[in-house]
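Presented below is the structure to which this report refers.
Every number here is computed from the coordinates shown, using simple stated rules; none is lab data. No experiment lies behind these values; they were computed from the predicted model shown. Virtual Cβ from ideal backbone geometry, glycine too; neighbours counted across all protein chains shown.
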Amino acid sequence: PMRLTKLKLSGFKSFVDPTTVPLPSSLVGVVGPNGCGKSNIIDAVRWVMGESSAKHLRGDSMADVIFNGSTSRKPVGQATVELVFDNSDGSLGGQYANYSEIAIKRTVTRDGQSIYHLNGTRCRRRDITDIFLGTGLGPRSYAIIEQGTISRIIEAKPEELRVFLEEAAGISKYKERRRETENR
Ligand code: ATP
Ligand code: MG
């Protein structure tokens, strides 16, 4: 499977300076005192995969992900997050099969405009979300279980639970395609 190997942040929430988070193995723990930015790292992963709800990123508007200053630093104008996946086994096939690495990058400016890049080439949000459909990954997927998510699954209505099951079964991408075809 495609493995996340690196996360690069710049101007995102508390990560004002360019920061690379290496993910050297399949089990990585992030520890630190309250407020040090652990959850911000997870927010960054969800955000770059196309999360479009500010609320799900614990903010009011999309520009809230941009570092907005501290006692010693001025706010900055944009936030960038890049995810680097190892694709050397070609698990992401099709047009991406020949890339040993897949780099997905999102930048947002103060006006709320998002720009996406895939291996350095500008692309649409759709191109990014398409890659993750049916993989279990993605901005709202069950692959990210946070504080509160367990109880949300336990208390979910049947139709909400079905969304999780359909993603796990890999059929949500076909449903999405059908929806698009019907709307055309
Ligand atoms: P806990 O252990 O309490 O869950 P945590 O390590 O998960 O803490 P986060 O929620 O990731 O902490 O980080 C919170 C910090 O990020 C706060 O200090 C907050 O001020 C800072 N922060 C969030 N958004 C921004 C922003 N846009 N600009 C600057 N700092 C921000
Ligand atoms: Mg936290």
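Descriptive notes on the structure:
- Here r is the Cβ-Cβ distance between Asp127 and Asp17 and R0 is 41 Å; the resulting FRET efficiency, rounded to 0.05, is 0.90.
- Each of Thr71 and Asp111 was given a label point 7 Å from its Cα along the Cα-to-Cβ line. The distance between the two points is 3.6 nm.
- Rounded to the nearest 20 debye, the dipole size of the chain about its Cα centre is 340 debye, using +1 on the Cβ of Lys and Arg and -1 on the Cβ of Asp and Glu.
- For Ser141, distant residues with modelled amide H under 5 Å away: none
- Largest GNM mean-square fluctuation among Ser26, Ser172, Ser72, using the chain with Cα springs under 10 Å: Ser72.
- Charge dipole (the chain, unit charges on Cβ, about Cα centre) - positive-most of Leu23, Gly136, Asn68: Asn68
- Label-point separation in nm, Lys38 to Ala143, each point 7 Å along Cα→Cβ: 2.2
- If you run the Gaussian network model on the chain, springs between alpha carbon atoms under 10 Å, then out of Val48, Val81, Val16 the most flexible one is Val16.
- Contour minus Cα-Cα distance for Ser151 and Thr5 (0.36 nm per residue): 49.6 nm
- Within a Gaussian network of the chain (alpha carbon springs, distance under 10 Å), most fluctuating of Arg106, Arg46, Arg58: Arg58
- For the range 114-179, GluC sites (Glu not before Pro) meeting the loop criterion (DSSP other than H, G, I, E, B) and having at most 16 other Cβ atoms within 10 Å: Glu146, Glu155.
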